[in-house]
Each structure stands twice: as C-alpha cells, then as structure tokens.
Amino acid sequence: MGKKSEAPPSSESASPLQQDSDNVTNYTQEPRLNVWVCLFAASVIALTASIAELGDVGTFGPAEWVLLVTAVSSFLSLMALLGYRFCKRKFVGTFWGEGIAAYLSLLFWIGGISVALAPQRGLAVTSTAAGLNFVINANLYFSCWLSFFCNAYICASWTMNHWKKAEKIIREMSSRLAKWWGLLITSIILLVASAEFHYSQNCVSGGATTLNQDACKSNKFAVSLGTFGTLLTLVTIILAHAGIFPFIIESIVTLLMFMLYTAGISVITYNQGSGTSVGNIFFSTWAGFLLSLLLCLDCYHVYMKQRAERRADSPPAEKKRFLCCSWGDNDSEDSDNDEQQPSPRKKTPKKASNPRKGQTLQVQSAPQQPTPVTRKMSMRSSIDDDEFADARDDLELKL
C-alpha cells in the first residue's frame, strides 16, 4: 500500500504560538513595508533634486554630501523591498537585516538633513539679511523631510517590535507611543534649528537690527521649548518601554506639552518671531502642536473608556439605594406590602364526632396562631376566629 501524501497544515490546526507570530507579523511588519516603499520614493525624488545643486566637478561640498546621503538611502530602501519580496524570513524583523538597514539609513539622514536644509548652505533654503528663510528648492526640501520621518517611523516600529518589555505597551498604547516618537523627533528638530538660528543671526550680541532683536527674543523660547520637549519626551519613551509609566502621569505630561507648544505657536510663529517664515522652525513648531493635540485627544478617549468600564462593573443605582436604606424604612415598606397583599392562612382539618351515625365530619378551622404583621391584621383575624367558633357550635347542635 502506498503512503498517503500528507496535507499541508491548515490555519485552524496551526499551533497558537504560530498563529500569534503570524498576527504579530501582519500587525507590525506589513505597515513597515508600506513605509519602506514611501522611503524609497522620497529618496529617489531627493536624489534627482540634489543633482541640480551640484557644484564644480572634483570638489566635495555640501551638495555632494546630500547627493551621497540620498543615494545611500535609495539603495538601502531598495534592498529592503527586495528583502521583503524574496528573503522575508531572513530579513524582516531581524537585527542584521532590517534593523541594520533602518538605523544606518537614519544616521545618514540625520547628517544629511542638517546640511540640506541649512539656510547658510543655500541648497533647499536660503536666508535674507533680516533673518527670514525662504524655500528655493521645494522638491529637495519636502522630500528630505518625508524621507527622514519615514525612516524614523521604521526605526521606532522595529524597536518596539524587538523590545520584550514593550509587549504590553504595544497592545495598550501603540498609537500613542508612535506619536510620542514623532514628538521627540520634532522637538529635536526645533532645538537644532533654533540653535542654528541663534548663532547665524548673531543673537549672542543682541542682533544687528531691530527685526533681528525681536526674532532673537522669540528664538530663546524656541531653544527652551526644544530642549525641554526633547528631554521630557525622551524620558517618557524610556519609561513607557520599561513598562513603568502610569496613565495618569502620561495625561499630565501630555497636557503640559500641549500647553507649551500652544504658547510656542503664539510666540515663535507670530509678531516677527524666528518661525514666521517657512522653514524648519515653522514646521517643527506646528508639528509639535498637532502631535501634542492628538495625544491629548487619545488620552481623553482612553479616560472615557475606562470610566465607562468602571460604571459597567459597579452595582446598579437601585441596589445601592436599597443597601443604603435604614431598617425603619424597610419595615415600613414591608408593612405596606403586607397590608396590600395579606398572606394566606393555613387551614388545618379538625375532626368532629357525629353522635347519631358515628361518623366523623371534616371541619376546617382557623390557625391557632395568626400571622399578621400589623395591629389591624391581628384585630381582623381575632374577629374572624370568633365568628367561625360560633358557626361551628351551631353546626354541632344541629347534628
């Protein structure tokens, strides 16, 4: 007899561990595939835009460095897409595969975005004598920002997937934790951009013009906001990954960041501030405001959900009112119910002898001990007993 070929194991017969691993793969790795595609497209756009900014042949300047960064990012993102397609088991989620590619590309972008978007370099942004910044190469400017954020998201997602203590955090606050990572990145960008503005516009000596003096005053708040926001969000992310970050503390920190960035919008981006023109300070300030606002809304929804769950687990209001009542109220309610619906009396048979025929007659008699709970019921039962006794005597005389 030939051996029957074994059928491949179905998803229903798969082990729970394998099903859990498949769910983790679909939840944490498939979204990274889409971001890798976005990173590849943005890197290619930045690569083509940086070619137009190349200088003299044979020299390695800021334009050549940006070209190198965009080329490396395009190559690494292309290798990532090929890894997802052909060697998914060896590349996706591994340290020597996806982890190295993500963090190596992020390091290049940290060094490239500071050069490409620097106003004094004149590649994507230029600066006037009054300290105002203007975008001169929009493709390079926005593609660099998009590539940087996509790369940062990939690194954050990969880190959360491989941090063992973050499993509970991923289930409970995965969306909020991604926003905290974004808020950390925007705070760092605001710190670096405002510090560069401080030195490029000679804010140490007060500035050369009145316009620069007003911008330098608002830029001090931008430096403070970037520094405080970076430290606070960094501590928040570390405690959240360690699993020792209560929800009440997160709510307080979120509200504090929202208030600070709201004040930063009014100080930095208005009234000749350092972020009035389109540039790194402008976008990082507004991005921090929007992220802190989304975090506040998420915390509010979580609080309302927990409140609804506590109300569902608590006893109903009628039971609480009954438990809080006094004994006197219960007695009065019981007496009213007894008056409205008196309890039925138990009838016991009683034998009466018949002197003529020698037979017994079943006679129903009232209970010896009445069961009313009030004085009215006791008086009514005594009257009924007397009438029944008289009727019984008459019956015996007739027989």
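The values are calculated or read from the model by the stated rules, or taken from the named source; none is laboratory data. Treat the numbers as computed from the prediction; the structure is a model and nothing was measured. Backbone-built Cβ (ideal geometry, glycine too); neighbour counts: all protein chains shown. Note: areas computed on protein heavy atoms with side chains; ligands, DNA, RNA excluded. Shrake-Rupley method; radii C 1.70, N 1.55, O 1.52, S 1.80 Å.
Jot down the radius of gyration and Dmax of region 37-147, Cα atoms only, both in angstrom.
Answer for region 37-147, Rg first and Dmax second: 15.6, 55 Å.
Roughly speaking, what is the stretch gain from Ile265 to Gln213, that is 0.36 nm per residue apart minus the C-alpha to C-alpha distance, in nm to one decimal?
16.9 nm
Rg to Rh ratio, region 63-113, alpha-carbon atoms and Kirkwood radius?
1.05
If each of Leu104 and Leu78 carries a label point 7 Å out from its Cα toward its Cβ, how far apart are those two points in nm?
1.5
Between Asp393 and Thr48, with labels modelled 7 Å along Cα→Cβ, what's the label distance in nm to one decimal, could you check?
Distance between label points: 12.3 nm.
Zone of Ala71 (label point 7 Å along Cα→Cβ, backbone N under 19 Å): which residues in region 118-160?
Answer for region 118-160: 140, 144.
Please compute the modelled spin-label separation between Ile136 and Gln120, points set 7 Å along Cα→Cβ, answer in nm with one decimal.
1.6
Taking square-rooted eigenvalues a ≥ b ≥ c of the alpha carbon gyration tensor, is region 243-285 rounded, prolate or oblate, where a/c under 1.5 means rounded and, failing that, a/b exceeding b/c means prolate?
In terms of gyration-tensor shape, prolate.
Compare His198, His301, His241 by solvent-accessible area with a 1.4 Å probe and give them largest first, with all protein chains kept in place.
Final ranking, largest accessible area leading: His301, His198, His241.
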